[in-house]
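Shown next, in structure tokens, is the structure this report addresses.
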Amino acid sequence: FPVTIEAGELEINLSNRQEHNLQNQLGRAYAKSDLCQIGVSKFAAKANARDNGAVNSHEIGKSIGIHSYATEDKYQNQWHKIGAFAFDSGVKHISSISDTNIKSFLTAIIDAGYSYNTVKQYCAAAEKMDTMLSQAYPQNRGNWSAAIAECKSIAKIECERKDIDTRSYARPQDIVAAMPDKYELAADMQLRHGLRISDACYLTKIDNNHVSVNSKNGQYIVKELTPRQQDLFAKYAVNGTYAVNRESYNYNLQKAKYRDWE
């Protein structure tokens, strides 16, 4: 029977053989690396990292090993899920996991609705996994750090939507009205329909009164437009598609949120 690893809305199915191979490969890679530093002072390891040029917490974290059983258990569990995702995508050995696989995994957990803190933890686990694999199997697997940094930036927008959703504001309609016309449609769609930022920022015309949303969780959603929304869609859509940059939208949303209302 297949082994299922499930977290949130993300499901990964491995055969018993894949599960066995993954467990063995992770164990061998960890043993080959020098990450296991249990019993060694973490404080001393951090000091040594600083002496060797690490200047911030990210660089220090990449420079030191694993200093407790609790951290070891957490990372091994997270590495297993990353590896399972890669195996489910066709990878046969963990040494072949590429930056593209990592980006796909992190994007998948963002789309599955994982919290920002959880995504950050997986980013840290991926960084540590990159170190482990680089030590155990030195070969070109792409630029994991760049892929992780890119996904972390996306997570700041996607995974904090509960904090920036217009529905949570005291005067949401005023905020929508204060948005530049280009972004007003996305903000109003969020307010009226509870759409995610990524969904509200990309709408496809069905007819003059309706648009479709290909939501990242796999749903096909149809929404009716108000007369004002129809005007905005007609003004800013190109070839039947309304698409605005999520980061620019979020910037303007935050700007409107903190406007000094008279």
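The values are calculated or read from the model by the stated rules, or taken from the named source; none is laboratory data. Since this is a predicted model, take the numbers as computed values, not measurements. For neighbour counting, all protein chains shown are included, and Cβ atoms are generated from backbone atoms with ideal geometry for every residue, glycine included. Only protein heavy atoms, including side chains, enter the accessible area calculation; ligands, DNA and RNA are left aside. Shrake-Rupley method; radii C 1.70, N 1.55, O 1.52, S 1.80 Å.
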Unmet requirement for residue 31, which otherwise passes all of (1) touching a strand residue (DSSP E or B) at 6+ places or on another chain (Cβ under 6 Å); (2) surrounded by fewer than 14 Cβ atoms within 10 Å (Cβ to Cβ): (1)
For the subset of region 194-211 comprising residues that are out of contact with any strand residue (DSSP E or B) (no Cβ under 9 Å at 6 or more places or on another chain) and modelled with pLDDT of 85 or more, which member is most open to solvent (accessible area, probe 1.4 Å)? 208
Residues being open to solvent by 50 Å² or more (accessible area, probe 1.4 Å) and among the small types (Gly, Ala, Ser): count how many of those fall in region 92-113. 2
Residues that are part of a loop (DSSP other than H, G, I, E, B) and either open to solvent by less than 40 Å² (accessible area, probe 1.4 Å) or not small (Gly, Ala, Ser) (or both), drawn from region 49-65: 52, 54, 55, 56, 64, 65
Only residues that are under 20 Å from residue 141 (Cβ atoms), without any contact (Cβ under 8 Å) to a residue 40 or more places away in the chain and either outside any helix (DSSP H, G or I) or open to solvent by 30 Å² or more (accessible area, probe 1.4 Å) (or both): list them for region 66-91, please. 89, 90, 91
Test residue 25 against the criterion of being modelled with pLDDT of 85 or more and open to solvent by less than 30 Å² (accessible area, probe 1.4 Å), and give yes or no. yes
The one condition residue 180 fails out of (1) under 28 Å from residue 115 (Cα atoms); (2) in contact (Cβ under 8 Å) with a residue 60 or more places away in the chain is (1)
Do the conditions hold for residue 146, that is, is it open to solvent by 30 Å² or more (accessible area, probe 1.4 Å), farther than 16 Å from residue 81 by Cα and out of contact with any strand residue (DSSP E or B) (no Cβ under 7 Å at 6 or more places or on another chain)? yes
How many residues, within region 96-139, are in contact (Cβ under 8 Å) with a residue 60 or more places away in the chain and either in contact with a His (Cβ under 7 Å, 6 or more places away or on another chain) or closer than 22 Å to residue 61 by Cα (or both)? 9
Return the pair list, or none, for Cβ contacts closer than 6 Å from residues in region 214-242 that are over 17 Å from residue 195 (Cα atoms) to residues that are open to solvent by 80 Å² or more (accessible area, probe 1.4 Å) and modelled with pLDDT of 80 or more, at least 6 apart or on different chains. 236/182; 240/205
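Could you tell me which of the residues 116, 137, 122 is of a type in the set (Ser, Thr, Tyr) and crowded, with 19+ Cβ neighbours inside 10 Å?
Working: 116 fails: crowded, with 19+ Cβ neighbours inside 10 Å; 137 fails: crowded, with 19+ Cβ neighbours inside 10 Å.
Result of the check over 116, 137, 122: 122.
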When the residues of region 168-193 are filtered to those that are at pLDDT below 90 and over 12 Å from residue 253 (Cβ atoms), which remaining residue is surrounded by the fewest Cβ atoms within 10 Å (Cβ to Cβ)? 170
Which of the numbered conditions does residue 153 fail, given that it passes all the others? Conditions: (1) surrounded by 13 or more Cβ atoms within 10 Å (Cβ to Cβ); (2) at pLDDT 85 or above; (3) under 24 Å from the mean Cα position of the chain (by Cα). (1)
